[in-house]
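Notes follow the structure.
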Amino acid sequence: MFIHEILNPIYQPLCASSSLEDGLQAMGVQHSDVLPVVDLTTGKTLGTVCLEDIRYEKDVQQTIFSKISRNPCRIEPGMHIMDAGRKMIRENANAAVVCDEQQAYSGFVLREEINEALLQLLNISRDGATIMFELQPADYSLTELVRLIEMEGGKIMGIGVEPAASSADRFRVSVKLNTDDIDPILRILNRYGFIITSKSAETESDDDLHDRADELMRFLSI
């Protein structure tokens, strides 16, 4: 899934000649504490403006130009959402301007929207069990894992791999399945040396799902 596929048209950029009052009103309407600023003549990205930088200004008729942050997080429309999420984490950004190498503006995206896209991409919210197991790095084979699970009628809908911290540690692999009937799958995985450390066929709350997305985003920053 690419960034251009999740852009929300609700975010409309400000221009450098916009007043602080315009910026405050736009942030209220668009429910965002930060908005992009664009040169309307060239269509190029100038930067962003943050609520904290303008909310206490007395002269709200002054232009927003002097309040522009010139170095916002910038990501390209064709960037994969995982790469975009990693970049935002590394730059400690909760929002990013979407533009090409020539700074031509395409849109604006919040980190929470990338989290939502990751939930969709990994099928975390889909019905079905989640299992986690451990194995030695030398024993990890996605081909073998798929073969064993499909032998018992299951399908992998999403997968995450936490690499070993050292040569003495095991990989930890989390798999989202298309079924809650996991007993046959657990038995065959155990038989082939997979150490099951967690299994759940319960429906997870929205908070749990968002926590998983946040954990994934933190993992991507490694």
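The values are calculated or read from the model by the stated rules, or taken from the named source; none is laboratory data. Predicted model, so just to flag it, every value in this text is computed and none were measured. Glycine also receives a Cβ, built like all others from the backbone with ideal geometry; neighbour counts cover every protein chain displayed.
Taking first residues from the range 101-128 that are under 15 Å from Gly158 (Cβ atoms) and surrounded by 16 or more Cβ atoms within 10 Å (Cβ to Cβ) and partners that are at pLDDT below 90 and hydroxyl-bearing (Ser, Thr, Tyr), the Cβ contacts under 7 Å between residues at least 6 apart in sequence or on separate chains come to Leu119/Ser125. A residue that is touching an Asp or Glu at 6+ places or on another chain (Cβ under 8 Å), within 28 Å of Met1 (Cβ to Cβ) and not hydroxyl-bearing (Ser, Thr, Tyr) cannot be found anywhere in the range 53-63. Where in the range 1-114 are the helices (runs of 4 or more DSSP H), entirely inside, with at least 3 residues that are on the phi > 0 side of the Ramachandran plot and at pLDDT 90 or above? By residue number, no helices (runs of 4 or more DSSP H) qualify.
So that you can scan it fast, the table gives a plain yes or no per residue for (1) modelled with pLDDT under 85; (2) within 29 Å of Ile6 (Cα to Cα); (3) β-branched (Val, Ile, Thr); (4) crowded, with 16+ Cβ neighbours inside 10 Å:
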| residue | (1), (2), (3), (4) |
| --- | --- |
| Phe133 | no, no, no, yes |
| Gly158 | no, yes, no, yes |
| Asp183 | no, no, no, no |
| Leu186 | no, no, no, yes |
| Asp214 | yes, yes, no, no |
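The single condition from (1) farther than 19 Å from Met1 by Cβ; (2) crowded, with 19+ Cβ neighbours inside 10 Å; (3) modelled with pLDDT of 90 or more that Arg191 fails is (2). Between Glu113, Glu150, Glu91, the distinction of being farther than 30 Å from Asn8 by Cβ and among the acidic types (Asp, Glu) belongs to Glu150 only.
Counting the residues of the range 26-54 that are without any contact (Cβ under 8 Å) to a residue 40 or more places away in the chain, in contact with a Cys (Cβ under 7 Å, 6 or more places away or on another chain) and hydroxyl-bearing (Ser, Thr, Tyr) gives 0.
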